[in-house]
Amino acid sequence: MKQSSIIESLRQENEDGLVAIYRLYNRSLLFFARKYRASVQEAEEVVSEAFLKVWEKRTEFEHLDKIRSFLYVVVKNLCLNRNRKSRFVVQIDDITDYEEVLVEDTDFLMQIVRTELLAQINQEVNLLPEKQKMIFELCFMEDLTIEQISAKL
């Protein structure tokens, strides 16, 4: 689905637009949320809640970059709020505020880039033949030496 048709679907309250956005950003958002949440289930709950917020504000988005910014900021805020376990919830009502937050917080922006890169790497690693995938994971995920990998195999 093209960017313009995704935005148009959202504005027309067509769930296909939300599904397309989910497919684009879900995996990266889960990686990102896992930096803040202890369990996969908690990260999934936060990401699901973020997509619900996109649906609530579906008529306010002009392009996918704004949706992406919105999603990352919402996920970060939801995670931090849950971590604090307080009743205080940060609310930003104007969509343009989300882009400003991203521009001002370069560390946050670097985390987003890193998260998206890791998601792409993971996707490509999953395409490798089983032995190559195992070697890659032992080398880069478990940080084993060549000798340790040879002994394991």
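Quick notes
- Computing Rg and the Kirkwood Rh from the Cα coordinates of the range 1-48 gives a ratio, Rg/Rh, of 1.11.
- Sites matching trypsin sites (Lys or Arg not before Pro) across the range 48-78 that sit in DSSP coil, with at most 12 neighbouring C-beta atoms within 10 Å: none
- Note on W55 and D16: their simple-model spin labels are 1.8 nm apart, each label 7 Å out from Cα toward Cβ.
Bear in mind these aren't lab numbers, they're just calculated from the coordinates by the rules spelled out. A quick note: this is a predicted structure, and the numbers were derived from the prediction, not measured. Backbone-built Cβ (ideal geometry, glycine too); neighbour counts: all protein chains shown.
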